[in-house]
Amino acid sequence: MSELMSKHLVIIGNGQMAELFCSQFTHSNDYRVAGFAVDRDLIKTNTLLGLPVVPLDEVESRFPPDSVHAFVAIGPAKNNAIRAEKFDELRARGYRFASYISPQAAISPDAKIGDNVVVGTFSVVMAWSTVGDNVLLGSSSIVGHHCHLNPHCYLALRVTLAGSVIVGQRAFIGVGASIRDNVNIGADSVVGAGATILSDVEPNAVYVTERAKKLPIAADRVRL
Ligand SMILES: CC(C)(COP(=O)(O)OP(=O)(O)OC[C@H]1O[C@@H](n2cnc3c(N)ncnc32)[C@H](O)[C@@H]1OP(=O)(O)O)[C@@H](O)C(=O)NCCC(=O)NCCS
């Protein structure tokens with residue numbers, strides 16, 4: 001798409017996620033990033049990556065919702081509550097949302113993808129799965145068939161969901177976790193990095209698997 005045809009975008013956030021998605025959208029050509037908006041008390045500098053940073057209470061006058069799309073680029077802090085709150089606020093203020101779908105992602109034509117969604121590089125979403133609004137699916141992740149990812153959940157990098165997994169609202173699944181088929185991941189829960197989940201995860205609970213242990217031998221004594 002030529003620059004003239006690309007849509008304008010305001011990114012909500014001014015942290016590393018905002019910088020990351022400014023880069024991703026800029027190189028995708030579908031959107032032209034016009035600037036950033038954050039809560040007034042979080043503004044550290046008036047520009048970021050050469051673009052204006054405006055207070056969120058002025059966002060409509062600076063980036064009108066009838067001509068600019070929004071993208072919430074905020075990390076999973078506070079159990080995804082901030083990301084969820086900003087998405088709902090921007091929607092109530094009349095914004096339409098961009099999604100970032102990597103050109104290297106593979107999404108079944110029979111999957112449904114919501115608004116303000118990220119599907120990272122080399123990720124897969126299989127048939128009959130639903131990825132709800134404001135879900136982040138990090139790079140190299142796999143969503144098996146018939147999964148349902150509820151709004152605002154956050155799957156970090158290289159997460160694997162087997163078939164028919166349900167992920168509750170605002171749940172967080174850490175890097176490299178694997179979830180067995182037909183499992184429900186409760187709303188607001190946290191699955192730690194590398195965890196293997198074989199049965200349902202309770203809402204608002206934290207699950208981890210045994211972490212790597214140090215062997216009582218020196219590294220130069222092992223067979224490589
Ligand atoms: C589960 C998690 C959220 C807990 O974070 P935390 O509250 O800061 O916990 P701590 O690091 O203080 O660890 C508390 C205990 O749990 C253990 N633990 C923490 N995470 C663990 C994990 N993923 N697997 C196994 N054990 C873990 C720690 O070893 C520690 O045990 P100890 O008390 O016996 O030493 C975090 O460790 C994690 O896995 N985060 C996901 C990382 C990730 O995917 N990041 C991507 C961001 S985009």
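What follows draws every value from the coordinates through simple rules; no lab data is involved. Small disclaimer: the values here were computed from a predicted structure and weren't measured. Methodologically, a virtual Cβ is constructed for each residue, glycine included, from the backbone with ideal geometry; neighbour enumeration extends over all protein chains shown.
Of all the options Ala77, Ala171, Ala105, the one that moves most in a Gaussian network model of the chain with Cα springs shorter than 10 angstrom is Ala77.
If the chain were replaced by its equivalent ellipsoid, with semi-axes equal to the square roots of 5 times the Cα gyration tensor eigenvalues, what would those be, largest first, whole Å?
Result for the chain: semi-axes of 33, 20, 18 Å.
Shown in residue order for segment 22-27 are the 3J(HN,Hα) couplings computed by the Karplus curve 6.51 cos²θ - 1.76 cosθ + 1.60 at θ = phi - 60°: 4, 5, 4, 5, 4, 7 Hz (x for Gly and Pro). Evaluating 6.51 cos²θ - 1.76 cosθ + 1.60 at θ = phi - 60° for every residue in segment 121-127, the Karplus couplings come out as 4, 6, 8, 10, 10, 7, 4 Hz, glycine and proline recorded as x. If you count Lys pairs in the chain whose Cα atoms are under 24 Å apart, skipping same-chain pairs closer than 8 places in sequence, the total is 6.
For Ile142, the residues 5 or more places off, or on other chains, whose built amide H falls under 5 Å of its own are Val124, Val159, Thr160, Leu161.
Judged by the ratio a/c of the largest to the smallest principal axis of the C-alpha gyration tensor, segment 99-202 counts as rounded, that ratio being less than 1.5. Annotation: amide H of Cys147 within the under-5 Å range of Ser129, Thr130, Ser164, Val165, sequence separation 5 or more or interchain, hydrogens built in the peptide plane. Can you bin segment 4-92 into rounded, prolate or oblate? Criterion: square roots of the alpha carbon gyration tensor eigenvalues sorted a ≥ b ≥ c, rounded for a/c under 1.5, prolate for a/b above b/c, oblate for the rest. Rounded, since a/c falls under 1.5. Spin-label pair Leu198-Ile217: with each label point 7 Å from Cα along the Cα-Cβ axis, the two points sit 2.7 nm from one another. Phi angles across segment 134-145 convert, under the Karplus curve 6.51 cos²θ - 1.76 cosθ + 1.60 with θ = phi - 60°, into 3J(HN,Hα) values of 6, 8, 10, 10, x, 4, 6, 9, 10, 10, x, 6 Hz, Gly and Pro given as x.
Look at the dipole of the chain built from charges on Cβ: of Leu49, Met17, Pro216, the Cα furthest out on the positive end belongs to Pro216.
Over segment 79-127, what number does the Rg to Rh ratio reach, with both radii from the alpha-carbon atoms and Rh per Kirkwood? With Rg and the Kirkwood Rh in hand, the quotient comes to 1.05.
Close amide H contacts of Gly194 (hydrogens built in the peptide plane, cut-off under 5 Å, sequence separation of 5 or more or a different chain): Val175, Gly176, Ala177. Taking the chain as a Gaussian network of alpha-carbon nodes connected by springs under 10 Å, the highest mean-square fluctuation of the residues Val208, Val131, Val190 belongs to Val208.
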